[in-house]
Amino acid sequence: MKRVTLQDVADRVGITAAACSMALRDSDRISPTTKEQVRAVAAELGYVGSSAARALRRQRAGAVALIVPTTSKHVFGHSYFMHVLSGVTSVANDHDTQVLIATNADEARGLTAYERVMRSHSADGAILTSAAIADETVDRLLASGLPLVLIGNFPQLAEAITVGVDDRTASKMATEHLIVAHGRRRLLHLTGPLDHQTGVDRRDGFYDAVGAHGVQAQALEGDFSEECGRRLIEEGGTDAFDGIVAANDDMAFGALTALREQRREVPEDVALIGFDDFGLSRVTTPAISTVAVPAEEMAAVATARLLELVDGRAGGWTRQQMDVTFRYRASCGCG
């Protein structure tokens, strides 16, 4: 079917395309009767205004980019990304703004996604999530002048605008729950990737808790995947531990599967707690205790702040810390 244009609507009403455009924009220069006619014809013909044309008039791209670095390949296999994407698009849609997803899985050309956004002017600003601690391209983005909001904690970037949660404190409190509420004294932590701040903070929070309570502890480095959680338990053994704190729910589920194969009961033999609460933890048997991270809300807040920057409203907050919620379920002995 031929796409209905503004000229088609104007011809049906019997006015110029310019007058038709002003009527759709509710201009005072057009009479109420003509506006009503234009809207009725537009609805009848199924006319949809061009966001590209509106962006051109504003001298903007009419889009924002969601950038996921190549150093965060684990993100795409994780429901975290879908929560972030949902939060970004919900706010962008309300502002008639497109969302571009910028990434590149080829590490040999890892800068392509960043450079495409910076040089092509295809986006008015960018949201960056899950960047590695040593990712130099974050500094390049900040230096480019492109409006930018980061999701996560970036203590090394004092000038950056960030939205995140206090992973370290939340991990400490979750670990203390196993120690204080359930009397666990020999704890194992399955970390996230330690080249990312999230993995470091959740590990450090675990050690903060075990250090404060003087209990036995060990950490094994992982990558946020279910397969890794299962493998770490299979290879490391669990006879020496009566509690496991996993850096996310996927790894907790992998650990739960391995424990079941070893005929170790959860929570009777080993209490288990994860992190994120993006859906998986609620449907396992037993349900996994976890820390609920408001990823979709963080992404929505980041997008709203980015659109303020795009509009030239530079004043306002630079670091927003969102609250987490603790969901203590059967895997730790609650519920």
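The values are calculated or read from the model by the stated rules, or taken from the named source; none is laboratory data. The shown structure was predicted, so the numbers you read here are calculated from the model rather than taken from an experiment. A quick note on method: Cβ atoms are made from the backbone with ideal geometry, for glycine too, and the neighbour counts reach across all protein chains shown. Side chains included, ligands, DNA and RNA excluded: accessible areas come from the protein's heavy atoms. Shrake-Rupley method; radii C 1.70, N 1.55, O 1.52, S 1.80 Å.
So in the range 145-168, with the set limited to residues that are part of a loop (DSSP other than H, G, I, E, B) and within 17 Å of ARG202 (Cβ to Cβ), which one is farthest from the chain's Cα centre (by Cα)?
Within the range 145-168, the match that is farthest from the chain's Cα centre (by Cα) is PRO155.
The conditions are (1) more than 30 Å from ASP124 (Cβ to Cβ); (2) at pLDDT 95 or above; (3) of a type in the set (S, T, N, Q), and GLN321 fails exactly one of them. Which is it?
It is condition (1) that GLN321 fails.
Working only within the range 96-112, note down all residues that are in a loop (DSSP other than H, G, I, E, B), surrounded by fewer than 14 Cβ atoms within 10 Å (Cβ to Cβ) and either modelled with pLDDT of 55 or more or charged (D, E, K, R) (or both).
Hits for the range 96-112 are ASP96, ASP106.
Name the residue that is farthest from GLY152 (Cα to Cα), counting only residues in the range 264-280 that are open to solvent by less than 10 Å² (accessible area, probe 1.4 Å) and assigned to a loop (DSSP other than H, G, I, E, B).
The extreme case among them is VAL270.
Which one of ALA40, ALA10, ALA65 is of a type in the set (A, V, I, L, M, F, W, C), open to solvent by 50 Å² or more (accessible area, probe 1.4 Å) and at pLDDT 90 or above?
Just one listed residue meets the conditions, ALA40.
Checking TYR80 against (1) modelled with pLDDT of 85 or more; (2) over 30 Å from GLN197 (Cα atoms); (3) open to solvent by less than 80 Å² (accessible area, probe 1.4 Å); (4) not in a loop (DSSP other than H, G, I, E, B), which single condition isn't satisfied?
Tallying (1) modelled with pLDDT of 85 or more; (2) over 30 Å from GLN197 (Cα atoms); (3) open to solvent by less than 80 Å² (accessible area, probe 1.4 Å); (4) not in a loop (DSSP other than H, G, I, E, B), TYR80 fails exactly one: (2).
From the set of residues in the range 292-335 that are among the aliphatic types (A, V, I, L, M) and under 30 Å from GLU268 (Cβ atoms), which is nearest to the chain's Cα centre (by Cα)?
So, considering only residues that are among the aliphatic types (A, V, I, L, M) and under 30 Å from GLU268 (Cβ atoms), the one nearest to the chain's Cα centre (by Cα) is VAL293.
Can you find even one residue in the range 239-251 that is touching a residue at least 12 places away in the same chain (Cβ under 8 Å), open to solvent by 20 Å² or more (accessible area, probe 1.4 Å), assigned to a helix (DSSP H, G or I) and touching a Phe, Trp or Tyr at 6+ places or on another chain (Cβ under 7 Å)?
Checking the range 239-251: at least one residue is touching a residue at least 12 places away in the same chain (Cβ under 8 Å), open to solvent by 20 Å² or more (accessible area, probe 1.4 Å), assigned to a helix (DSSP H, G or I) and touching a Phe, Trp or Tyr at 6+ places or on another chain (Cβ under 7 Å).
Tally the residues that are polar (S, T, N, Q) and within 16 Å of HIS189 (Cβ to Cβ), restricting the search to the range 249-308.
Count: 2.
In the range 218-238, which residue that is touching a Gly at 6+ places or on another chain (Cβ under 8 Å) and of a type in the set (Gly, Ala, Ser) is surrounded by the fewest Cβ atoms within 10 Å (Cβ to Cβ)?
SER225
Could we say that ARG329 is surrounded by fewer than 22 Cβ atoms within 10 Å (Cβ to Cβ) and on the phi < 0 side of the Ramachandran plot here?
Against the criterion (surrounded by fewer than 22 Cβ atoms within 10 Å (Cβ to Cβ) and on the phi < 0 side of the Ramachandran plot), ARG329 qualifies.
Which members of the range 1-28 meet the condition of being in contact (Cβ under 8 Å) with a residue 12 or more places away in the chain and more than 16 Å from GLU44 (Cβ to Cβ)?
Passing the criteria: ALA19, SER21.
Which of (1) closer than 15 Å to ALA174 by Cα; (2) of a type in the set (A, V, I, L, M); (3) surrounded by fewer than 21 Cβ atoms within 10 Å (Cβ to Cβ) is the odd one out, the single condition VAL310 does not satisfy?
Against the list (1) closer than 15 Å to ALA174 by Cα; (2) of a type in the set (A, V, I, L, M); (3) surrounded by fewer than 21 Cβ atoms within 10 Å (Cβ to Cβ), VAL310 comes up short only on (1).
Residue by residue through the range 193-212, note down the ones that are assigned to a loop (DSSP other than H, G, I, E, B) and open to solvent by 30 Å² or more (accessible area, probe 1.4 Å).
Result: LEU194, ASP195.
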